[in-house]
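Q: Could you have a look at this structure, given as structure tokens, before my questions?
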Amino acid sequence: MSSRAKSYENKIERLEEFGARFDDVVLENLDWQAVLEKYDGEETVFYCDPPYIGKESYYPVSEIDHSAFIEALRELEGKWIVSYSELPAGLEEFRVIGRGESNFMGNGKSGSAKKTRERLVMDVE
């Protein structure tokens, strides 16, 4: 077998292995409230990336009541991780991990990308 054919075969095997890791993963395009209601349970872990406070204009769909979102997180049976730049009120008691480097938001065209710091807030240990 040529090295090129072997390389292709290796890539296919790696894709199959990678794909198997996502057998139980579900991606949904629903309103956040509908997703939380539909999938909440003891075995569920939610990763949420809502529009950052003060940066809503960077998102195509950005209408969110952060207070209602946080209250819904508190009521979940499952675990959750949420990404924010500036933390809204109500998350102080949870574990917060901040990244040391800056991330950039926006598409960067005409200098529009803005620096921001990402923080992960979680109710998991």
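The values are calculated or read from the model by the stated rules, or taken from the named source; none is laboratory data. Just so it is clear, the structure is predicted and the values come from calculations on it, not from any experiment. Here the Cβ positions follow ideal geometry from the backbone for every residue, glycine too, while neighbour counts run over all protein chains shown.
Q: Considering only strands (runs of 3 or more DSSP E) fully contained in segment 45-125, which possess at least 2 residues that are modelled with pLDDT under 80 and not acidic (Asp, Glu)?
A: Working: elements: 45-48, 79-84, 95-98, 103-105, 114-116, 119-122.
Per the criteria, 103-105, 114-116.
Q: With the structure loaded, tell me whether Arg21 is under 16 Å from the mean Cα position of the chain (by Cα) and either modelled with pLDDT of 80 or more or exposed (fewer than 11 other Cβ atoms within 10 Å of the Cβ) (or both) or whether it fails that test. Let's see the steps before the verdict.
A: Working: under 16 Å from the mean Cα position of the chain (by Cα): no; either modelled with pLDDT of 80 or more or exposed (fewer than 11 other Cβ atoms within 10 Å of the Cβ) (or both): yes.
Against the criterion (under 16 Å from the mean Cα position of the chain (by Cα) and either modelled with pLDDT of 80 or more or exposed (fewer than 11 other Cβ atoms within 10 Å of the Cβ) (or both)), Arg21 does not qualify.
Q: Being modelled with pLDDT under 85 and surrounded by fewer than 10 Cβ atoms within 10 Å (Cβ to Cβ) is the filter here; which residues of segment 24-44 pass it?
A: Matches in segment 24-44: Asp24, Val25, Val26, Leu27, Asn29.
Q: Another question, if that's okay. When the residues of segment 24-53 are filtered to those that are of a type in the set (D, E, K, R) and under 19 Å from the mean Cα position of the chain (by Cα), which remaining residue is nearest to Glu63 (Cα to Cα)?
A: Taking the candidates together, the pick is Asp31.
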